[in-house]
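Q: This is the structure I have questions about; it appears just below.
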Ligand code: SER
């Protein structure tokens, strides 16, 4: 029996990850979320802590648990973080430091490094202009790392903090040679789930457009039709996390991997939505600040390292995501 800690368990990725672990006989899940977990999800886990991840009391309560894998999903996303940058820093950075410290202590006590799975983001990229974005095409992990948002800055820093805690913690201290944390990160594109709606992100226009159409509601898209960023269907996001966690450490040449699936423009998404729901009413009312955020994100990612090192291949391209996942499930969700 292994014990897995999931923070942000009530969020979009959290829901799907809890569904995944509920099917694993040998995994005990401890869930953390600021909000109360819906009863159907609370039933799927061994223990729930309703708490703020930046609360030191939570961290000390968790120290006695023999956690072998930690999925740190809790974060304020890009739009929410711009509304309250200090709070975003406290949650996204201090919260992550607390959990990395927790992992280090548990790893030291148990004698096995705690695997720390960290969802990073395409928001770590910062393209200076639409021309540069177009020229850059699919970007590598080490290019254009000049984020413009608090969220992107927080995530980029935490990627580095995770590496530090894994490789160089206390370089001049007695415990320097001990490896207690095994930090692994994925830079997620915008995720689209059939069963949940995101809140506080800037890639939210895609899922919002689809969920609105499925409910027969009009939707005013907050970015221009030509806006292009990478997206992924939620089952692939969960698959990537679980695969990276299971990958042989010797095969990993990086701590942080891009993963891609499809990279449509907002208009291409709208066309797919219109095809599935012909009555959909989609208009465009670009929001200047949110537009600037997505314009600074890359149009696509180069995920060849993930493909080579741990066999990453998405199951869903744009057509398959709509036809085999989003449309059938969303339709049944709203049909009651
Ligand atoms: N989905 C995130 C956001 O929009 C990007 O990682 O903030």
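Q: Among (1) surrounded by 15 or more Cβ atoms within 10 Å (Cβ to Cβ); (2) out of contact with any helix residue (DSSP H, G or I) (no Cβ under 8 Å at 6 or more places or on another chain), which single condition is residue 283 missing?
A: The one condition residue 283 does not meet is (1).
Q: So for segment 215-223 (the condition being on the phi > 0 side of the Ramachandran plot, more than 16 Å from the ligand (Cβ to nearest atom) and either buried (at least 23 other Cβ atoms within 10 Å of the Cβ) or not in a helix (DSSP H, G or I) (or both)), does at least one residue qualify?
A: So far as segment 215-223 goes, yes, one or more of its residues are on the phi > 0 side of the Ramachandran plot, more than 16 Å from the ligand (Cβ to nearest atom) and either buried (at least 23 other Cβ atoms within 10 Å of the Cβ) or not in a helix (DSSP H, G or I) (or both).
Q: Can you tell me which of 105, 47 is in contact (Cβ under 8 Å) with a residue 40 or more places away in the chain, surrounded by fewer than 22 Cβ atoms within 10 Å (Cβ to Cβ) and farther than 22 Å from residue 198 by Cβ?
A: 105
Q: Can you name the number of the only condition in (1) under 17 Å from the mean Cα position of the chain (by Cα); (2) under 22 Å from residue 124 (Cα atoms); (3) modelled with pLDDT of 95 or more that residue 235 fails?
A: Here residue 235 meets the rest and fails (2).
Q: Read through the list (1) part of a loop (DSSP other than H, G, I, E, B); (2) away from the ligand (no atom under 11 Å from the Cβ), then give the number of the only condition that residue 200 fails.
A: (2)
Q: Pull up segment 144-171, narrow it to residues that are surrounded by fewer than 17 Cβ atoms within 10 Å (Cβ to Cβ) and assigned to a loop (DSSP other than H, G, I, E, B), then point me to the one that is modelled with the lowest pLDDT.
A: 170
Q: So which helices (runs of 4 or more DSSP H) are wholly in segment 231-336 and hold at least 3 residues that are more than 16 Å from the ligand (Cβ to nearest atom)?
A: Passing ranges, in order: 234-246, 266-276, 304-310, 327-334.
Q: Regarding residue 210, is this residue in contact (Cβ under 8 Å) with a residue 40 or more places away in the chain and more than 13 Å from the ligand (Cβ to nearest atom)?
A: For residue 210, the condition - in contact (Cβ under 8 Å) with a residue 40 or more places away in the chain and more than 13 Å from the ligand (Cβ to nearest atom) - is met.
Q: Let me ask something additional. Can you name the condition, by its number, that residue 140 falls short on among (1) within 15 Å of the ligand (Cβ to nearest atom); (2) within 27 Å of residue 291 (Cβ to Cβ); (3) in contact with a strand residue (DSSP E or B) (Cβ under 8 Å, 6 or more places away or on another chain)?
A: (1)
Q: Something else: Taking the residues in segment 49-95 that are closer than 23 Å to residue 18 by Cα, under 18 Å from the mean Cα position of the chain (by Cα) and not in a loop (DSSP other than H, G, I, E, B) as candidates, determine which candidate is nearest to the ligand (Cβ to nearest atom).
A: By that ranking, first place goes to 92.
The values are calculated or read from the model by the stated rules, or taken from the named source; none is laboratory data. Just so you know, these numbers come straight off a predicted model, no measurement behind them. Backbone-built Cβ (ideal geometry, glycine too); neighbour counts: all protein chains shown.
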